[in-house]
Amino acid sequence: MKKPSVLIVTGPTASGKTRRAVEIAKLLDGEIVSADSRQIYRDMDLGTGKDIEEYGNIPYHLIDIAPAGTKYNLFRFLDDAQTAVEDIKQRGKMPIMCGGTGLYVESYLKGLKLPEVPENTALRESLTGKSLDELTEILASMKTLHNSTDVDSAKRAIRAIEIQTYYADHPEAASGAVPSPISDALVIGIAIDRDARRQRITQRLKARLDNGMLDEIRSLLNSGISPDDLIYYGLEYKYLTLHVIGELTYDEMFEKLEMEIHRFAKRQMTWFRGMERRGFKINWLDYDLSDEEFEQSVMQLINDFEK
């Protein structure tokens, strides 16, 4: 019988993915591989929602593997994730990928292999000083903008233009190696209705602020990381930094951040629906299932998969 080579637990922010992935890891003697684009950074804990305490004694990978202030990317994720998954399988354990970064999850399932795009100093200098609107217009002329991630900030937009320019100059790199889709992955999505999601987002934001998320931002700034580098990471790091450097009041920061996290969750769901249209099967399980119901549902999915 054919068994899944990897389980993937995904879904929008605040749906409880980590707790569910840990449940599955305990059930199947597995280890977790993070598919979150920000949890890879050290000292960025509350703002990225690492919830390390939830893992207990379950081993995890691709968390705290890069210093704050650096720029991790899809190329590095695909390489690191493949290495981690193969290592877990070689030790007879079940790899369980967990995260809500849809681009990472889908690219992994596609078996993409991307070239590492070097910095283009001359191009960067020519783009310095342009407004975000101008940069967005340039990028839109080079590719279809499916979401706003590439144009969250001027730095992101410049990097996206840099990548597209490299691909235009190196078409063989743009096509990359022939993808090797992973056909034996079981993808589980944690489904949560809009109202419950919004309530949990607000509750979680308040709890993280109460637990010292602003102190985390101040500590990162005091360590020498520039405000612009923190703002680059978006969401919590963008708005809390703007508050700490005096550009937003506390109430303005909270209101804008809460709104942006809601929008982010909506964009995540848009991505997952797009994945399904593109042929990826996501098996949705309700976020509020009891542990027993959830575990039974997972085992049923695995049994059906093996048939």
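The values are calculated or read from the model by the stated rules, or taken from the named source; none is laboratory data. Computed from a prediction, not measured in an experiment: that's the story for all the values here. Note: ideal-geometry Cβ built from the backbone for every residue, glycine included; neighbour counts use all protein chains shown. SASA here: full protein model, heavy atoms, side chains in, ligands and nucleic acids out. Shrake-Rupley method; radii C 1.70, N 1.55, O 1.52, S 1.80 Å.
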### Task
Answer yes or no as to whether residue 64 is of a type outside the set (A, V, I, L, M), touching a Lys or Arg at 6+ places or on another chain (Cβ under 9 Å) and within 30 Å of residue 219 (Cβ to Cβ).
yes
### Task
Could you grab the pairs with beta carbons closer than 8 Å, sequence gap of 6+ or different chains, first residue in segment 291-307 and over 12 Å from residue 23 (Cα atoms) and buried (at least 17 other Cβ atoms within 10 Å of the Cβ), second one at pLDDT 95 or above and of a type in the set (Val, Ile, Thr)?
301/188
### Query
Just to be sure, is residue 63 more than 24 Å from residue 184 (Cβ to Cβ), assigned to a loop (DSSP other than H, G, I, E, B), open to solvent by less than 40 Å² (accessible area, probe 1.4 Å) and without any contact (Cβ under 8 Å) to a residue 40 or more places away in the chain?
yes
### Query
Among the residues of segment 87-102, is there at least one that is of a type in the set (A, V, I, L, M, F, W, C) and farther than 27 Å from residue 273 by Cα?
yes
### Answer from 305, 264, 272, 280 - the residue that is among the hydrophobic types (A, V, I, L, M, F, W, C), touching a helix residue (DSSP H, G or I) at 6+ places or on another chain (Cβ under 8 Å) and farther than 26 Å from residue 159 by Cβ
280
#### Entry: Unique match (being in a helix (DSSP H, G or I), at pLDDT 90 or above and surrounded by fewer than 18 Cβ atoms within 10 Å (Cβ to Cβ)) among 107, 126
126
### Query
For residue 57, which of the numbered conditions (1) free of Cβ contacts under 8 Å to residues at least 12 places away in the same chain; (2) open to solvent by less than 40 Å² (accessible area, probe 1.4 Å) fails to hold?
(2)
### segment 253-297 - residue that is of a type in the set (Val, Ile, Thr) and in a helix (DSSP H, G or I) and, of those, nearest to residue 48 (Cα to Cα)
261
### Query
Could you say which residue among 25, 35 is at pLDDT 95 or above, of a type in the set (A, V, I, L, M, F, W, C), within 13 Å of the chain's Cα centre (by Cα) and closer than 21 Å to residue 298 by Cβ?
35
### Query
Residues of segment 231-261 being open to solvent by 50 Å² or more (accessible area, probe 1.4 Å), touching a helix residue (DSSP H, G or I) at 6+ places or on another chain (Cβ under 6 Å) and more than 16 Å from residue 215 (Cα to Cα), which ones?
256
### Summary
Residue hits (segment 272-290; within 17 Å of residue 185 (Cβ to Cβ), touching a residue at least 24 places away in the same chain (Cβ under 8 Å) and open to solvent by 40 Å² or more (accessible area, probe 1.4 Å)) are 278, 280, 281, 284
### Task
Looking at (1) buried (at least 17 other Cβ atoms within 10 Å of the Cβ); (2) within 25 Å of residue 5 (Cα to Cα); (3) among the small types (Gly, Ala, Ser), find the lone condition where residue 69 falls short.
(2)
### Query
Would you call residue 24 crowded, with 21+ Cβ neighbours inside 10 Å and touching a strand residue (DSSP E or B) at 6+ places or on another chain (Cβ under 8 Å)?
yes
### Query
Picking from 18, 13, which residue would you name as being farther than 19 Å from residue 83 by Cα, touching a helix residue (DSSP H, G or I) at 6+ places or on another chain (Cβ under 6 Å) and in a loop (DSSP other than H, G, I, E, B)?
13
### Summary
Of the conditions (1) over 19 Å from the mean Cα position of the chain (by Cα); (2) surrounded by fewer than 18 Cβ atoms within 10 Å (Cβ to Cβ); (3) without any contact (Cβ under 8 Å) to a residue 60 or more places away in the chain, the single one that residue 42 does not satisfy is (1)
### Message
Take the residues in segment 72-93 that are part of a loop (DSSP other than H, G, I, E, B) and under 19 Å from the mean Cα position of the chain (by Cα); name whichever of them is surrounded by the fewest Cβ atoms within 10 Å (Cβ to Cβ).
### Response
73
#### Entry: Per-region count, segment 212-230, residues open to solvent by 20 Å² or more (accessible area, probe 1.4 Å), under 16 Å from residue 72 (Cβ atoms) and not in a loop (DSSP other than H, G, I, E, B)
1
